[in-house]
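Worksheet: the structure to be examined is printed underneath.
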Amino acid sequence: MDSIFHEKQEGSLCAQHCLNNLLQGEYFTPVDLSSIAHQLDEEERMRMAEGGMASEEYRTFLQQPSGNMDDSGFFSIQVISNALRVWGLELILFNSREYQSLMINPIDEKAFICNYKEHWFTIRKLGQQWFNLNSLLTGPELISDTYLALFLAQLQQEGYSIFVIRGNLPECEAEQILRIMRVQQQQRPRLIGEDEAQTSAGRSAAVNQAEMNFSVEDEVVDEDEELKRALALSRQDIDVEDEEADLRRAIQLSMQGAVMSNKSSETEVGHKKAGSQAAGSFSGGQSETLTAEELRKRRQAYFDRQQQQAQPNTPQQPDTKSTDGSGSVDTESEKDQQPQQSQ
């Protein structure tokens, strides 16, 4: 396949690519084809002048642009035909009655030139195989003998004008090589525009993939930041809970300390007063858990008793011995201690 000459499309120079791919070499340049086009324009002008240079037709012809070439690089069938005459080649319209009457099998021909909407390309046999040498393809396309007739019929259905090349084509390297070996094409060439579109699509896909990777990394970073914030808040909650637990324990210890202090004070007062009621409440306080309200009440009662003891007119309970009717002597402290022992 590397031995096959194949010019790729540049601008609108498809006529040049078509001729060079047909002849398998750089035989024509845009300047060569422009010279042929100018020669054809001059020949047409001279024919129009034969009818009179003052005629309306002649003046109209001069005002019209050239029909054989334009600034884009397009060349007419007349330019291509004249260029091939230099090599002793001629064009015959494939679907003309003259050619169809010959009933020639397409695979027995040497080459075809196809045109549609000002685009020219070549189909040529090299060795014993056919190749589509369209300049819009990235490379030569192998066409089987069985597919050639279908391919030409498809082109005709799409509106192409097909011309058969008659005459002896110049010798080329690809012709010599492919006479002794056959080509096997693993992958068919794509259109140049399609190849570029896929390349652009690949670049876009790569850019999109990179953006997605960046976005995924950003999401991972965001998730990491959110996780860090969540852990920080969790630690704060744990610290708050620990502080609250410490506060509750401190309050509980304080209450227990206050209870023990109150119990000690009440015990001392009970011993001083030797009252059975005070002793009973002290012994009962040892076995029950006091609430904050009860603790407050007992503290208030303790302060009240302290104030009463501080007043001089407050009668004090007798702390001396008394005699009952039977003449027996006993003390109040002994009476208070008896129920305390029984308990």
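Quick notes
- Projected-area mean, the stretch 12-130, by convex hull of Cα positions, square nanometres: 9.2 nm²
- Taking a sphere under 11 Å around the Cβ of GLN78 and counting the other residues whose Cβ falls inside, with K and R at +1 and D and E at -1, yields a net charge of -2.
- Counting heavy atoms of the protein chains alone, TYR99 has an accessible area of about 10 Å² for a 1.4 Å probe.
- Surface listing: LEU13, LEU137 arranged by accessible area from highest to lowest gives LEU13, LEU137, probe 1.4 Å.
- Count Lys and Arg as plus one, Asp and Glu as minus one, and take only other residues whose Cβ is under 15 Å from that of LEU178; the net charge is then -1.
- With DNA, RNA and ligands ignored, accessible area of ARG188 (1.4 Å probe; Å², nearest 10): 140 Å²
- With all protein chains modelled, accessible area of LEU62 [1.4 Å, Å²]: 90 Å²
- Approximating the spin labels as points 7 Å out from Cα along Cα→Cβ, the GLU194-to-GLN157 distance works out to 1.8 nm.
- Between the residues ASN132, PHE28, SER76, the greatest Cα displacement towards the positive end of the dipole of the stretch 1-143, with unit charges on the Cβ of Lys, Arg, Asp and Glu, is found for ASN132.
- Computing FRET efficiency as 1/(1 + (r/R0)^6) for GLU42 and ILE92, where r is the C-beta to C-beta distance and R0 is 25 Å, gives about 0.40.
- Protein-only accessible surface order, largest first, of VAL164, VAL86 at 1.4 Å: VAL86, VAL164
- At R0 = 35 Å, FRET efficiency that the Cβ-Cβ distance of GLN128 and THR29 yields, to 0.05: 0.65
- Distance from the stretch 105-135 to the stretch 140-192 (C-alpha centre basis), Å: 5 Å
- 5 angstrom amide H check on ILE143, placed H, neighbours 5+ away: TRP130, PHE131, ASN132
The values are calculated or read from the model by the stated rules, or taken from the named source; none is laboratory data. Given the structure is predicted, the values throughout are model-derived calculations rather than measurements. Positions of Cβ are generated from backbone atoms using ideal geometry, with glycine treated the same way; all protein chains shown enter the neighbour counts. In case anyone asks, the SASA skips ligands and DNA or RNA and just uses the protein heavy atoms, side chains included. Shrake-Rupley method; radii C 1.70, N 1.55, O 1.52, S 1.80 Å.
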